[in-house]
Each structure stands twice: as structure tokens, then as C-alpha cells.
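Comments concern the structure below.
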Ligand SMILES: Cc1ncc(C[n+]2csc(CCOP(=O)(O)OP(=O)(O)O)c2C)c(N)n1
Ligand SMILES: [Mg+2]
């Protein structure tokens, strides 16, 4: 006898298409024009900070930086779907989620300058700092989600991982735990098609990355990651499910329009034609079409927002550049005790009066 032991499928959703038309059956009721304008403005702010950060790195004013160019809709759509009670566990690219959550912009720039003080997330923001080792955030997020269930807080956890990150053991182990222990977890796969120079097709022969959840008994869905309303809906629904202790994977299909980090040059490994094809589908074009057709956005509003955001960004950079780190912090938090060699170096630094302005 042969019978089907299992059959699975993954839905793909899109609410706002590339031409700027909305699927009226799918758009959530609370999504008014005002809310879409708010999404647009937050995405614009993120894009402007991002462009500025790349320039600052080129001028030697911040360290290596991972741009979010092209991924604004994934980040703002998902951030807006979270409640203040939900935890956010990023990898290294979700700067826009931090902006949405109210991380002071100067803190972001202090982090970008390489100072650990910039990694301190204010207590009122339920978030972990940026996490660079790929996929190590997944077990953290799983642990936090388990704790929410155990303590019955009603909070859920949203974590992010790249397409490359889904090939790591930590990813599978985390999913497995989440499925078995039914925890309030949403995993957003920010599938930007590239893991540095490795294309999506090399990560998995599976048709979708979302379906990796099926083997763990986790709900999964794929969404157009350049559609901010679609991402909002997918993550909002996923959070509702997660709060009922059914974890969800949301694979947001997007594209990294820029470089992996400022140390990378994508022209070495990918075709311009591919970039151009994705540029035509990027998140702002469709939003602009939609909002302008409804008289909710125009050139004057755009100019005003750009001017306002520019001033906020410049002010934050000035604050970050005035920040004076304590050089002693170089010697702290690495060892549980101070090894002789470090003690000597610290004494040498002090005797050289490096601690004086
Ligand atoms: C454990 C580990 N291995 C390798 C790296 C180097 N590294 C940093 S980002 C990256 C690729 C990540 O690709 P993806 O998960 O798709 O995220 P994206 O950068 O595209 O946002 C690699 C290999 C790392 N940081 N951590
Ligand atoms: Mg990637």
C-alpha cells in the first residue's frame, strides 16, 4: 500500500502590486491612507539614513556598514505590525525596525562608529542589539519566546534572518524547538536573494525558504517583501497566530539593491540586468503610484519630509560625533579577570595621558 504520508504547500501573498493597485479583499481594515503615508514616511526616513550612512563610511566617519537599500518595506511593514509588548531580535541589517521602535538616531550612529555604547538598547524598547554572527539570533529569539509562554506575558517575539542564514544549524535547531514547544515566535526570512556573493539558488534547492518550516511543523507563508502592506498583513496575521502559540515563518521576498556591506562590491559577482529588473519592483515606486493617485502624497509633501528628515539626521550625526567613548572600555568585558598583559597595556595608556581630551 502506498498512501500520502504528508502533503504541504506555501501560500504567497501580495496586497499592493508593482503597478500600485491594491487587492481590496486582502488589505487590512485598519490600513487607512494615513497609515500608508506613515509607512511611506518611515521608509523614506530609513532610506535617507541609509544613504547618509554609506556616505559617512566612504568619508571614514563610521565603520563598515550593512545597507538596507531596497529592504525598507520588509522592515517597516513588519515593525508596524508589532505591538509594544512584542520583542524584536534583529540580525545586522534591520536598522529601520530600530528607527520605528524609537532607538535614538545618535545611538545608531554611535554603533556605526564602532562604539559599544551604541549597542545599548534603551530599556523601554523590547529589542536585542544588532547580532553579526549569522543565525545566532535564532536560539536567542527562541529562548525569549519560550520565556514569554512560560511566564504567560502575552508577548510574542519577532526575529529576522537572511536567506543565507537559513542554511545554518542554529536556524533549523531553533525552528525545531519552536515547533515542538509551540512558542510565540515569528521568524521573518528577509530573503534579499544574496548572502554576500552567494545567490539564493545556492542556499537551497527548495522552491521556497518558507517551506523549511514545514519539516518543523511550523506555519509558513511567503510574501512580496517589496509590498509594505503585504508584509504588514503577513506579519500581523503571523503575530496573532504566534500569540496563540502557533509559531510562523514569514519569508519576505525582496532584493538587496546595494552592497552586502560597505566592504563589498556586487558588480564583481552579479549582473546589472538583474539589479535593474529588481529596481523596477522596488518598494517606493508602487507606493508613490498608489498614494499620488489618491491625492495622499505629492512633490511638496516629499520635499517637506526630506527637509525635515535631513535636519533630524544631521543633528543625530553631530551628537554621535561629539560622543567621547571611555578608552578604558577597550580593556573591559572580554575576560572575567584582567590578564597581566592587558593590565600593563592599560597602565601604559594611562601614563601616556591618552585619557585626556
Ligand atoms: C556564523 C557566521 N558565518 C559567516 C559570517 C560572515 N557573514 C556575514 S553576513 C554573511 C551572509 C549573510 O547572508 P544572509 O543571511 O542572506 O543575510 P544578508 O547579508 O543578505 O542580509 C556572512 C557569510 C558571519 N557573520 N557569521
Ligand atoms: Mg541575503
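Every number here is computed from the coordinates shown, using simple stated rules; none is lab data. Predicted, not measured: the structure shown is a model, and the values here were computed from it. Glycine also receives a Cβ, built like all others from the backbone with ideal geometry; neighbour counts cover every protein chain displayed.
Quick notes on this one:
- Counting other Cβ atoms within 10 Å as a rough exposure proxy, the listed residues 95, 140 run 140, 95 from fewest neighbours to most.
- Fewest-first sequence of 309, 6 by Cβ atoms within 10 Å of each Cβ: 6, 309
- Cα gyration tensor shape for the range 18-152, rounded if a/c is under 1.5, else prolate or oblate: oblate
- Neighbour-count order for 31, 183, fewest beta carbons within 10 angstrom listed first: 31, 183
- In percent, rounded to a whole number, the relative contact order of the range 11-325 is 25, using alpha-carbon pairs under 8 Å and six or more apart.
- Ellipsoid semi-axes for the chain, based on the Cα gyration tensor and the rule √(5λ), read 34, 27, 20 Å when sorted largest first.
- The separation of the range 269-336 from the range 108-152, counted between C-alpha centres, amounts to 21 Å.
- Cα-based shape type of the range 196-300, given that a ≥ b ≥ c are square roots of the gyration tensor eigenvalues and the cut on a/c is 1.5: oblate
- Helix-derived mean residue ellipticity, 222 nm - over the chain, DSSP H n ≥ 4, -39500 (n - 2.57), to 500: -13500 deg cm²/dmol
- Fraction of antiparallel bridges per DSSP, the chain only, in percent to nearest 5: 10
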